[in-house]
Number of protein chains: 6
Amino acid sequence: MPRITAYRKAHFNAAHRLFRPDWSGEKNQEVFGKCNNPNFHGHNYEIVVAVTGEINPETGYVIDLGILKQLIRSEIEDAFDHKNLNVEVEEFKTLNPTAENICVLSYQKLRKHLPDSLDLEVTLYETPRNYVRYSGK
Amino acid sequence: MPRITAYRKAHFNAAHRLFRPDWSGEKNQEVFGKCNNPNFHGHNYEIVVAVTGEINPETGYVIDLGILKQLIRSEIEDAFDHKNLNVEVEEFKTLNPTAENICVLSYQKLRKHLPDSLDLEVTLYETPRNYVRYSGK
Amino acid sequence: MPRITAYRKAHFNAAHRLFRPDWSGEKNQEVFGKCNNPNFHGHNYEIVVAVTGEINPETGYVIDLGILKQLIRSEIEDAFDHKNLNVEVEEFKTLNPTAENICVLSYQKLRKHLPDSLDLEVTLYETPRNYVRYSGK
Amino acid sequence: MPRITAYRKAHFNAAHRLFRPDWSGEKNQEVFGKCNNPNFHGHNYEIVVAVTGEINPETGYVIDLGILKQLIRSEIEDAFDHKNLNVEVEEFKTLNPTAENICVLSYQKLRKHLPDSLDLEVTLYETPRNYVRYSGK
Amino acid sequence: MPRITAYRKAHFNAAHRLFRPDWSGEKNQEVFGKCNNPNFHGHNYEIVVAVTGEINPETGYVIDLGILKQLIRSEIEDAFDHKNLNVEVEEFKTLNPTAENICVLSYQKLRKHLPDSLDLEVTLYETPRNYVRYSGK
Amino acid sequence: MPRITAYRKAHFNAAHRLFRPDWSGEKNQEVFGKCNNPNFHGHNYEIVVAVTGEINPETGYVIDLGILKQLIRSEIEDAFDHKNLNVEVEEFKTLNPTAENICVLSYQKLRKHLPDSLDLEVTLYETPRNYVRYSGK
C-alpha cells in the first residue's frame, strides 16, 4: 500500500561550541576554527521532522500534526530552546554538538515515541546554508 | 542510465474544512479541532511537482517545464484555485480534504498525463510548517 | 531623542469572500472576479506589527515583544485564525474583507491597547505577492 | 533631486544573554525570562543596511555595494560573528545586548564611515519573526 | 484621511553588463569589476511595486491588484523579461543598467499610468542580498 | 552503520541561452521559446550540494562544510559566477546549458574530488519555481 510523508517544521535558538575536551586547544582550533570559541556562539536552528506511513482511512492523516507538534515541543524545544547545548544538554556534555550530532540525537529522542509502522527523518538547519538530514538508514 | 529530477512549483488559494459527514459533531471536533469549523477556513497552498527521468539528449530537458506548468494549471490550479474544496471539488465531497488527501489526488490527476518512463512525486504545503509528500510508492 | 521600530510577525489561516451584499451578482463578479466565489476561498495570512518609540533605557526594549506577541494573539489570532471572516467576524459582516480592510481593522484593534507614545504600523500579507501596509497616517 | 536607497544584507551568528548586572537574579528573570539564561543562547542574526542618497550619474550607483559589503564585514561581522556578545564585545559589557541595542550600535559603527550626504538605516533580525529598525531619527 | 499602501510583487530574468561606453576598458573594470564582463551575466530580478492612496469605500481597494499586475506585466515584464537589458532595452543603450537605474526607469514607466492621487514606490531586488528602492522623492 | 547527509548552499549569477547550433532558428525558437533569445538572458542560480556518509566519530562531521564550501567555490562559483555560460564555459560550447545539464556538470566537477565512501547529490535552482536534482543514480 502506498505511503505518504508528513512534515512539521519547528525551531529553537541555542548557544553552542564545537570542541573536544580530550584534544588540545591547538587541535580544537585547527579543526573547528571560529566554531571553537570558548565563550560560545549561537544559532536559530530550524528542524523539520518527517514521518512516513500509510494514510489512516478514518482521518485522512498519516499522523495528527498537532500531536507531532507537541512531541517536537516536549522532546526538542523544551530540551534545546534558549539553552547552551554544551553546558545544559546532558548528551552534549560528552558529545560534540555538531549539526550532525544534534540531528541524530533529535532523531533518537523522537524515534522512541513513534510506532514501528512509521518511518522518521529529521532535517536540522544550523543556518539557511548549512544543514543535515538523518533517517536512521 | 542516470536519471534526473525536474521540479516545478505552483500555488492555489482555497477554503476547506476537515470533517467526516458520517461522524457526530463531537467526534469531528475531537479529532479535527479548529480545522473542523463548519464555516470553513483556508490556505495558500504551495505545490511542488517533481518529475524524474532520463535527460532527453536532443533538448537537454527531462520534461519541458513549460508543458509541466500548463499541466499543473489545467489539472490542479483550474480545479482548486479560489475554490471551496469540500463544496466544489467532486472528489472531496466524499473524501476529507486533508493535506494528505489533496496531495494524493493531485498525484493521481497528474500521473495519468505522464508516460510510464517518468516517475512523479508531489509535495503539498498547507502552511510553511505543515506539508506532505507522495510518490505512489 | 531617536526612535526605533520593533517588529513582530504572526499568522492566521482564514476563509473569505470579496463581495458587497448591496451589489448585484453581476457587479460583484465584474469587480471581484474569482475572489467573489460564494463558497469562499482562503489564505495563510501573515501579519507584521511594527511599534515605534524610544528605547527604554532600563530594559533596552521599545516594547517587550513577548507582550506584543500576546496582544497579537488575543486581538488578531483569536479573532481571525481558522475563521470565516465574512461569517464569523462581526466587523466583516458589513465591511468587505479585502486585505486593506483586514489591515485597517487589525490596526484599530491593536492601536487602542498601545500608549500614545508608541507609533503603530501593520503589514498584512494575503499572499507572498499581494500585501498592504497601514500606519494611520 | 530625487534620492534612492540601496540595501545590502549580511549575517552573523552569535551568543548572547539579556541581563542587567545591577538587577537581582529575580528581577532579571522576571523581565527577560528565558533570554536571561546565564549560560547564554544564540541566534543567526540577519542585518540589512540601507544607504540613501542621490544616484552618482557617473556610475549609476548610490554607493558601490562592494564597498558597503566590506564596511559591513569590518565593522559588524568581524566584531560580532561567532562571538559571545556579552563577553567579547566591549560595548555590551555595560549595555544589554537586546536587538534594539545591537541595531543602534551597528548604526553608530557604520554611520561614522559614511559621508553626511548619505542617510543610513539598519534593520536587525534576531529571528525571522522578531526584528528592529533604526535610522537615527 | 488616512492612506494605505498596496504591494504587488513580480519578477523577470535578464542579462546585463555594467559598463560605460565612454570609459576605457581599464576604468570599466576598475569601477564595475566582474559585473563588467563583456559577455554579460544575469539575474532573477524581483520587483515590488507599492501604491499608496485612500481606500476606495466602494470596493475596499486602494487599487485593483489585478489591474496593477497587468500594468507591471505590460510595462516591466514584457520589456525586461528574458531580455538582454543593454542590447534590447532602448533606455539602457545609453544608460548603465545598475539596479538603481533599472529601479528608476521602472518607476517612470509605471508612474505615467497612475493618477496623481496615488503615490508610487518601486523596490528592485538584483539578488536577495542587493536591492534598491525609489519613490521619486 | 547509519549515514547522514550534510548540505551546503551557494549561488552564482550567470547569463545563458538555450539553443542548439545544429538546429535551425525556427526549431530552436519552437523548442526553447524566449529562452532562446540570441542576446542571452540570465539567472541567480542557487546550488545545494548534499554529501552523504558516516559521521566521523572524531569530529562529529560527515565532511567539514568549510572544505565543501571551498570546493564549491573553486569548482562551481569560479567557473560559472558572473559568466556567460554558453560563451565562457568550455563544456557549454557544445552542450545546451539547461538546468539539467548545468546540474549534471556540477555533479561531475564535484564528484571527482570526493572519496567513494561519500554519496553526492546536487540540486540546482534556476528560479525559485524551476529546479532540478541529480545524484548519479
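Being in contact with a helix residue (DSSP H, G or I) (Cβ under 8 Å, 6 or more places away or on another chain) and in a helix (DSSP H, G or I) is the filter; apply it to the stretch C:32-43 and report the residue that is surrounded by the fewest Cβ atoms within 10 Å (Cβ to Cβ). Restricting to residues being in contact with a helix residue (DSSP H, G or I) (Cβ under 8 Å, 6 or more places away or on another chain) and in a helix (DSSP H, G or I), the top hit is C:G33.
With respect to F:S106, determine if the residue is assigned to a helix (DSSP H, G or I), farther than 30 Å from B:I67 by Cβ and hydroxyl-bearing (S, T, Y).
no
Table: residues versus (1) open to solvent by 20 Å² or more (accessible area, probe 1.4 Å); (2) within 14 Å of chain E (Cβ to nearest Cβ); (3) under 19 Å from the mean Cα position of the chain (by Cα).
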{"site": "F:E54", "(1), (2), (3)": "yes, no, no"}
{"site": "F:E75", "(1), (2), (3)": "yes, no, yes"}
{"site": "F:N84", "(1), (2), (3)": "no, yes, yes"}
{"site": "F:F92", "(1), (2), (3)": "no, yes, yes"}
{"site": "F:P97", "(1), (2), (3)": "no, yes, yes"}
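One residue stands out in the stretch B:1-23 among those that are within 12 Å of chain C (Cβ to nearest Cβ) and more than 30 Å from F:R133 (Cβ to Cβ): the one that is surrounded by the fewest Cβ atoms within 10 Å (Cβ to Cβ), namely B:L18. Scanning the stretch E:103-122 for residues that are hydrophobic (A, V, I, L, M, F, W, C) and either in contact (Cβ under 8 Å) with a residue 60 or more places away in the chain or open to solvent by 30 Å² or more (accessible area, probe 1.4 Å) (or both) yields E:L110, E:L114, E:L118, E:L120, E:V122.
If I ask for residues that are open to solvent by 30 Å² or more (accessible area, probe 1.4 Å) and facing another protein chain (nearest Cβ under 9 Å), which ones from the stretch C:57-73 would you list? So that I can check it myself, show each step before the final result.
Step one: filter the stretch C:57-73 for residues open to solvent by 30 Å² or more (accessible area, probe 1.4 Å), giving C:57-58, C:61, C:64-67, C:69-70, C:73.
Correct list: C:E58, C:Y61, C:D64, C:L65, C:G66, C:K69.
Among (1) more than 22 Å from the chain's Cα centre (by Cα); (2) more than 11 Å from chain A (Cβ to nearest Cβ), which single condition is D:N39 missing? Evaluating D:N39 over (1) more than 22 Å from the chain's Cα centre (by Cα); (2) more than 11 Å from chain A (Cβ to nearest Cβ) leaves (2) as the failure. The residues of the stretch A:15-31 include none that are among the aromatic types (F, W, Y) and not in a loop (DSSP other than H, G, I, E, B).
Out of curiosity, is A:E88 within 14 Å of chain D (Cβ to nearest Cβ), surrounded by fewer than 24 Cβ atoms within 10 Å (Cβ to Cβ) and closer than 18 Å to A:K9 by Cα?
Details: within 14 Å of chain D (Cβ to nearest Cβ): yes; surrounded by fewer than 24 Cβ atoms within 10 Å (Cβ to Cβ): yes; closer than 18 Å to A:K9 by Cα: no.
The answer is no for A:E88.
In this structure, does F:G136 turn out to be small (G, A, S) and over 22 Å from B:V51 (Cβ atoms)? Explain how you work it out, then say what you get.
Details: small (G, A, S): yes; over 22 Å from B:V51 (Cβ atoms): no.
No, not satisfied.
Residues C:E26, C:E46: which one is modelled with pLDDT of 95 or more, surrounded by fewer than 20 Cβ atoms within 10 Å (Cβ to Cβ) and more than 10 Å from every other protein chain (Cβ to nearest Cβ)? The unique qualifying residue is C:E26. Among the residues of the stretch F:122-134, the ones that are within 11 Å of F:I47 (Cβ to Cβ) and more than 7 Å from chain B (Cβ to nearest Cβ) come to 5 in all.
Which residue, of D:K137, D:K112, D:K69, D:K83, is of a type in the set (K, R) and modelled with pLDDT under 95?
On the way: D:K112 fails: modelled with pLDDT under 95; D:K69 fails: modelled with pLDDT under 95; D:K83 fails: modelled with pLDDT under 95.
Of the residues listed, the single one that is of a type in the set (K, R) and modelled with pLDDT under 95 is D:K137.
Considering only the stretch F:10-33, I want to know if a residue exists there that is without any contact (Cβ under 8 Å) to a residue 12 or more places away in the chain and touching a His at 6+ places or on another chain (Cβ under 8 Å). Scanning the stretch F:10-33 turns up no residue that is without any contact (Cβ under 8 Å) to a residue 12 or more places away in the chain and touching a His at 6+ places or on another chain (Cβ under 8 Å).
The values are calculated or read from the model by the stated rules, or taken from the named source; none is laboratory data. Just so it is clear, the model here is predicted, and its values are computed rather than measured. Counting neighbours? That spans all protein chains shown, and the Cβs are built from the backbone with ideal geometry, glycine included. Side chains are part of the model used for accessible areas, which takes the heavy atoms of the whole protein and leaves out ligands, DNA and RNA. Shrake-Rupley method; radii C 1.70, N 1.55, O 1.52, S 1.80 Å.
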